[in-house]
Each structure stands twice: as C-alpha cells, then as structure tokens.
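Everything below concerns the one structure shown next.
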Amino acid sequence: MASRDARILVVDDDKRLAELLEVFLGENGFTVESVETATEMLQRVADAPPDLILLDVMLPGGSGLELLKTVRASSKVPVILLSAMGEAVDRIVGLQIGADDYLAKPFEPRELAARIHAILRRTRDRSADAGEIKVGDVALSASRRAVVCAETPVELTAVEFNVLECLLRNAGNIVSRETLAERALGRPLAPFDRSVDVHVHNLRKKISATPDERIKTIRGVGYMYAPPLEDVE
C-alpha cells in the first residue's frame, strides 16, 4: 500500500485546523479522521489503528505528551507532534517519549504532507527481500521491521528503527547527523534541531546497558555504531 493510501488520525481541539488538514491531506490522497480528546483518540487506536497520528501537544483536559506515553505502551504507530513555537522543551520530551517527529505551529501544510510521506515510506514501503543485518548480538530484519538484541526482542519506534538500520549498515563508519536525518526522518536537518540526537539517546537506552558502548558520539560530526572486536577484521 502506498503512503498516499494511508489513514491519518488528527488529534487537535482546534476545529478550524482539523478541518483544513482533512481537506488538504485528503486532496493529497490520505484518508483523514479528526478527534478532539484523548478518550476519542485512544478509542480510535484500539478499534482501528491508523497508519499515522498527528497529535497536538496541548489538549483539553490533558497533555498530548501523556497521551503519547499511553499510546507507546502498546503501539508503535508513527506519531508526529504538533506544537506551538515556544514549546521546544515539550518537543524534545515528546521525542524522548517516542514521537517520530514534530512540527511547530504555524506550519506549511506541504511540509507536513512531505513529513508524513517520508515517515510512511520508511515504515511501510519495504521490499520482502530487504534482508537482515547482524552486528554482534544485534540483528535487524528490514522486511519485518524487527530488532533482537542479545536474543531479546527490542521495541523501537519507526524512526528509532530507521536510525538503527542506518547505523548498522554503516557499522564501524561515522554517519553524520545530516545523513541520519535524511534517511531516518526523510528531511534535512534544520539548524538547532536535536531530533536525531534524541532518537539516538533513546536507542542507547534500549539496546545497551552501557550507553556509549555500541553507539559512539563523534563530536561535531555524527555517530558510529561500534562493532564487537571479533567482528573487526
């Protein structure tokens, strides 16, 4: 299924914005539904999980960040946070909790559509023979989008998976932050954008007891996945 056929759930109490998104994204080939509250969103996700969620940080009667945490406890559905310009801290916290990307309001609808396409393309349009990557005790199946570390399955968000895949395919070599943004997020890295760093931070916590053991920071450049010594010729 192409990304244009995807079902998008908009969670925002701004009715005018929700209506505009329904029209614009609908014209771009998406099926769009909008809800205003956390209760409605959780019900939709339980009944018929969407392909992607656009989630406002500020919701009536609760926080979009808390709602994201609840969703991540049981679902890997891609989530793009929508946040006001002054909420940089909330955006970083959102990525740490498990958001795939964020976009500050007001935003250009075409940029939003591009980000949706990029995330869905990297989570759904995988060929069946994409193969498996194995570095040390970490095995990643691109076709099944599954990761095992030390024989234990690891639950990753869509973007975390993409970041790890890029690092594993280039194990032993430096991968720039710009390259990770292009390949994992499907967009250029903006000035002062910490999204890649947050996703790498999350990965470190999930696949390594020692934070810097596997994914090393190369200051001013990017990151490198360090293969075990026995894998180095």
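The values are calculated or read from the model by the stated rules, or taken from the named source; none is laboratory data. Values in this document were obtained by computation on a predicted structure and should not be read as measured data. A quick note on method: Cβ atoms are made from the backbone with ideal geometry, for glycine too, and the neighbour counts reach across all protein chains shown. We work out accessible area using only protein heavy atoms, side chains counted, and drop any ligands, DNA or RNA first. Shrake-Rupley method; radii C 1.70, N 1.55, O 1.52, S 1.80 Å.
Label points 7 Å out from Cα along the Cβ direction at residue 155 and residue 114: separation in nm?
Placing both labels 7 Å beyond Cα along the Cβ direction yields 3.3 nm.
Can you work out the FRET efficiency for the pair residue 31 and residue 70, with r the C-beta to C-beta distance and R0 = 22 Å, to the nearest 0.05?
Computed FRET efficiency for residue 31 and residue 70 comes out at 0.40.
Evaluate E = 1/(1 + (r/R0)^6) for residue 137 and residue 182, where r is the Cβ-Cβ distance and R0 equals 41 Å; express this FRET efficiency to the nearest 0.05.
Values: r = 28 Å, r/R0 = 0.69.
With a Förster radius of 41 Å, E is 0.90.
In whole angstrom, how long is each semi-axis of the equivalent ellipsoid of the chain, when you take the square root of 5 times every eigenvalue of its Cα gyration tensor and sort them from largest down?
With the √(5λ) rule applied to the chain, the semi-axes are 31, 18, 17 Å.
Excluding same-chain residues fewer than 8 positions from residue 216, which aspartates and glutamates have a Cα within less than 19 Å of its Cα?
Cα-Cα hits under 19 Å: 137, 160, 165, 178, 197, 230, 231.
Which pairs break 27 Å Cα to Cα here: 134/205; 69/134; 76/134; 105/206; 69/206? If you can, show how the numbers build up before the last one.
Details: 134/205 19 Å; 69/134 30 Å; 76/134 22 Å; 105/206 31 Å; 69/206 16 Å.
Those over the limit are 69/134; 105/206.
Given a 1.4 Å probe and heavy atoms of the protein chains only, how would you sort 58, 224, 41, largest accessible area at the top? Before the final figure, lay out the partial values.
Numbers: 58 115, 224 40, 41 0 Å².
Largest to smallest exposure gives the sequence 58, 224, 41.
How many angstrom lie between the Cα centre of segment 143-170 and the Cα centre of segment 30-67?
26 Å
Calculated FRET efficiency, residue 5 and residue 213, Cβ-Cβ r, R0 41 Å, to nearest 0.05?
With R0 = 41 Å, the Cβ-Cβ based efficiency is 0.50.
Using helices alone, I'd like the mean residue ellipticity at 222 nm for the chain: each DSSP H run of four-plus residues gives -39500 (n - 2.57), total over residue count, nearest 500.
The helix contribution divided over the chain gives -11500 deg cm²/dmol.
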